[in-house]
1. Express the carbon and sulfur contribution to the solvent-accessible surface of chain B as a percent, rounded to the nearest whole number, probe 1.4 angstrom.
2. To one decimal in nm, how far is A:LEU71 from the same spot in the other copies, if labels go 7 Å from Cα toward Cβ? Please give the shortest first.
3. Please report the spacing between the Cα centers of the stretch B:131-195 and the stretch A:54-126 in Å, no decimals.
4. Would you mind listing the distances between the A:LYS14 label point and the same position in each other copy? Use 7 Å along Cα-to-C-beta, nm, one decimal, shortest first.
5. When only DSSP loop residues count, what trypsin sites (Lys or Arg not before Pro) in the stretch A:67-116 have their Cβ near at most 13 other Cβ atoms within 10 Å?
6. Tell me the mean residue ellipticity at 222 nm calculated for chain B from its helices only (DSSP H runs of n ≥ 4, each -39500 (n - 2.57), averaged over every residue, nearest 500).
7. Along its three principal axes, how long is the stretch A:1-113 when you only count alpha carbons? Whole Å, largest extent first please.
8. Given all pairs of different Cα atoms, what value in angstroms does the Kirkwood hydrodynamic radius of chain A take?
2 protein chains.
Amino acid sequence: MLNQRKPRDGSTPKRDLLIATAFRLFYREGFHAVGIDTILAEAQLAKMTLYHHFASKEELIVAVLEQRSALVKEKVQAILKEAGPSPRKRLLAYFARYEAFFSSKEFNGCPFIRAVAEYPDIDTPVHQAVIRHKQSDIDTLQELLSGFDIADPKPVAHQIALLIEGALVSAHTFGNTSALAHARNAALALVKAAH
Amino acid sequence: MLNQRKPRDGSTPKRDLLIATAFRLFYREGFHAVGIDTILAEAQLAKMTLYHHFASKEELIVAVLEQRSALVKEKVQAILKEAGPSPRKRLLAYFARYEAFFSSKEFNGCPFIRAVAEYPDIDTPVHQAVIRHKQSDIDTLQELLSGFDIADPKPVAHQIALLIEGALVSAHTFGNTSALAHARNAALALVKAAH
DNA sequence: CTGTTGTTAGACAGTCCTGTCTAACAGTGG
DNA sequence: CCACTGTTAGACAGGACTGTCTAACAACAG
């Protein structure tokens, strides 16, 4: 068996496999609903491998969320870069990404919102990881909106963030109907009204 | 011990106590996180009392959500009645109710959204109970908006519903900041823009 | 009075959960 | 070559979970 390098971000093949497998199962069924034994069986890893990389299940969950957050940020930045300089095109590209997410067959709501639902206490590490991610979401949106001719883009960014959160929840609850289209229409109306 | 009448809605003192206690604990900590033993200890009831009224924990959860849904609907109807005929006043009263909810010290997000997060599969009875509630929420909003001079109030109702869902999630995630104010401002802007 | 229903306390089965520990092995760095 | 790290399989402890069952009692209906 190959021994693993130790890059400063702590990424190793087994660790990554653990996180990927854990995410898939947690996202499908829920954090409390999935036990570590299930994850280990699915990933075909031994229990000590998990407890070598993480001190507890909770730490694994935090790592899962952080990895997912990094992945999402990367993807969004790539899409915005591809969309070019037009603020309107950038905003539409931003929504288009969600559209793809919503209609993927694995879609099961927002993993971060679901994490907060299962770890409602704000002081828990899991909840804190979600806060970090959602804050960076809002920051991205604000930066995106600063391209428009709006006096104060900050409140608009927050409003659109609410629309997207709502669309994520609504699409999951009702099984993916027209939530995102409503959110996009409302967002465009708000941007227009803010001129 | 007093024997209990059996009204057609199935409400009895012990059953109600079970539901109320279960709601409090589920809402504070989560559905999977709270065991029935904890609920029974808190309510000071025997296990057989629970399984006399409900076939399973899941059935108890459904009953909890249905009771909560009825309670919310009742409250909203009362508030709208009190607000009088002015559509704008009614909408503001609607938001004011959420404001009170958000700033209550027990606030811990939306119990229905959290239920969906823990029961992500749409085919489960719990998830279905949430769908029923959220649909009636949208219906109420649509009726409320039909008072305005709007050509098609339906999409606006959906948009405002998204804002409120988003505000519920955001307030819980970040610990109750300005989410609802943003939602209200956006809602008023959308109503204005729809004229 | 008698039968029925709601209730109680507690034992119990059977499963699942997290986390620890051991013993053995493979590959790498020094 | 030796020490170290990552890994494996599996046993294990200790607890928590849902749901069942029993035996006894209380209140009411007929």
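The values are calculated or read from the model by the stated rules, or taken from the named source; none is laboratory data. Predicted model, so just to flag it, every value in this text is computed and none were measured. Cβ atoms come from the backbone with ideal geometry, glycine included; neighbour counts cover every protein chain shown. These accessible areas exclude ligands, DNA and RNA; they are computed on the full protein's heavy atoms, side chains included. Shrake-Rupley method; radii C 1.70, N 1.55, O 1.52, S 1.80 Å.
1. Values: 5060 of 9580 Å².
About 53 percent, which is the carbon plus sulfur part of the accessible surface.
2. Output for A:LEU71: 3.9 nm, nearest copy listed first.
3. Between the Cα centre of the stretch B:131-195 and that of the stretch A:54-126, the gap is 24 Å.
4. 5.3
5. Numbers: sites: A:ARG68, A:LYS73, A:LYS75, A:LYS81, A:ARG88, A:LYS89, A:ARG90, A:ARG97, A:LYS105, A:ARG114; in loops: A:LYS105.
Sparse-neighbourhood loop trypsin sites (Lys or Arg not before Pro): A:LYS105.
6. Numbers: 9 runs with 142 residues, N = 195.
After summing the helix terms and dividing by the residues of chain B, the value is -24000 deg cm²/dmol.
7. Per principal axis, max minus min of the Cα coordinates gives 51, 32, 21 Å.
8. Details: mean 1/r = 0.0547 Å⁻¹.
Computed over Cα pairs of chain A, the Kirkwood hydrodynamic radius comes out at 18.3 Å.
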